[in-house]
Amino acid sequence: MNRLAPSRRIAAFACATAVAVGAGGAASATLAYLFGVPSQHEFSHTASGDASGTLTVRAPAGGVDLTISPSPDDRLHVSASGTYRGGPPVVTVGESGAAVDIVCPEGQFWRCSLGVTVAVPSRADVTAEGVAGSITMTDLHGTVTATTTTGDVTIRRHHGPVRAQTAEGAVEIGAIAAPELSARTAYGSIRIDVDTPPDSVDVRNTIGDIEIGLPGGVAYHLETTVRDATAVTTAVAEDPASPHLVRIESSAGAVAVFPND
């Protein structure tokens with residue numbers, strides 16, 4: 001029978017102990033992770049209130065998609081649904097009717113994913129602010145501002161000035177009458193379609209295509225700064241003295257300005 005020398009037996013025992021401890025540590029870490037992740041819960045909430053003045057809708061954390069549309073009775077109505085892990089989301093309507101806040105509590109392994117619909121008086125001025133989620137506004141008649149960090153911004157059938165901005169996502173604006181339009185994104189496409197000649201259009205992105213559809217029969221003052229565009233196409237009448245200014249800045253992507261009628 002082969003016998004290990006005492007020194008070799010000690011070394012083998014130490015090695016086995018280290019492996020066991022290492023495996024136990026990994027198992028403990030795995031168990032800690034599994035038991036540290038809160039279970040998922042459903043969330044649903046509705047609220048109503050009087051609307052007053054300029055309305056601000058804020059979602060400063062979590063994955064929150066915002067949809068804003070006209071109210072049937074000129075009051076403020078909020079409906080939120082989704083899922084969360086950890087602390088439940090909190091949705092509040094300010095007493096003055098001027099703010100809606102959607103707060104997803106933060107914590108280790110906590111998650112929040114919501115869809116929030118806010119119905120507002122159609123002629124109210126609205127500012128929507130998100131972080132990780134899309135913003136959609138439809139059929140409004142006031143001045144609107146939509147800003148998010150990661151997510152698309154979509155504005156449809158709008159009457160009034162528009163400002164839309166995202167860092168990562170597409171911007172799409174469809175306006176019936178918008179005297180001023182501003183669209184910005186770092187990484188994403190921009191599409192604008194306007195039925196009435198705007199006073200000014202300001203479009204800027206870093207990477208992504210830009211398409212702007214404008215009413216024909218009108219000359220526009222175009223200012224285009226493009227660094228590495230794959231193609232630049234302008235098919236509308238141009239006049240440097242026109243009161244209708246269209247300013248475009250892009251680093252990479254195709255740019256097209258065309259009549260939409």
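The values are calculated or read from the model by the stated rules, or taken from the named source; none is laboratory data. The structure presented is a predicted model; accordingly, all values stated were derived computationally and were not measured. Using ideal geometry, Cβ is built from the backbone for each residue, glycine included, and neighbour counts are taken over all protein chains shown.
Whenever a residue of the stretch 234-252 is in the same structural domain as Asp199 (by TED's automatic domain parsing), its partners that are basic (Lys, Arg) and modelled with pLDDT under 95, lying with C-beta atoms within less than 8 angstrom and at least six residues away or across chains, give the pairs Ser250/Arg227; Ser251/Arg227; Ala252/Arg227.
If the condition is being outside any loop (DSSP other than H, G, I, E, B) and either surrounded by 16 or more Cβ atoms within 10 Å (Cβ to Cβ) or free of Cβ contacts under 8 Å to residues at least 24 places away in the same chain (or both), then the stretch 71-84 contributes Leu76, His77, Val78, Ser79, Ala80, Gly82, Tyr84. Restricted to the stretch 181-240, and to residues there that are of a type in the set (D, E, K, R), at pLDDT 95 or above and not in a loop (DSSP other than H, G, I, E, B), the residue that is farthest from Val162 (Cα to Cα) is Glu238.
Which number in (1) outside any loop (DSSP other than H, G, I, E, B); (2) surrounded by 24 or more Cβ atoms within 10 Å (Cβ to Cβ); (3) touching a residue at least 60 places away in the same chain (Cβ under 8 Å); (4) not hydroxyl-bearing (Ser, Thr, Tyr) marks the one condition that Leu114 misses? Failed condition: (2).
Residues are listed down the side, and each one gets a yes or a no for (1) among the β-branched types (Val, Ile, Thr); (2) surrounded by fewer than 19 Cβ atoms within 10 Å (Cβ to Cβ); (3) over 24 Å from Leu66 (Cα atoms):
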residue: Arg157; (1), (2), (3): no, yes, no
residue: Ser189; (1), (2), (3): no, yes, no
residue: Thr206; (1), (2), (3): yes, yes, yes
residue: Gly216; (1), (2), (3): no, yes, yes
residue: Val246; (1), (2), (3): yes, no, yes
residue: Val255; (1), (2), (3): yes, no, yes
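Within the stretch 159-180, being buried (at least 24 other Cβ atoms within 10 Å of the Cβ), under 19 Å from the mean Cα position of the chain (by Cα) and within 15 Å of Ile212 (Cβ to Cβ) holds for Val162, Ala164, Val171, Ile173.
Against the criterion of being closer than 30 Å to Gly62 by Cα, among the hydroxyl-bearing types (Ser, Thr, Tyr), crowded, with 16+ Cβ neighbours inside 10 Å and outside the structural domain of Ser113 (by TED's automatic domain parsing), Thr224 does not qualify.
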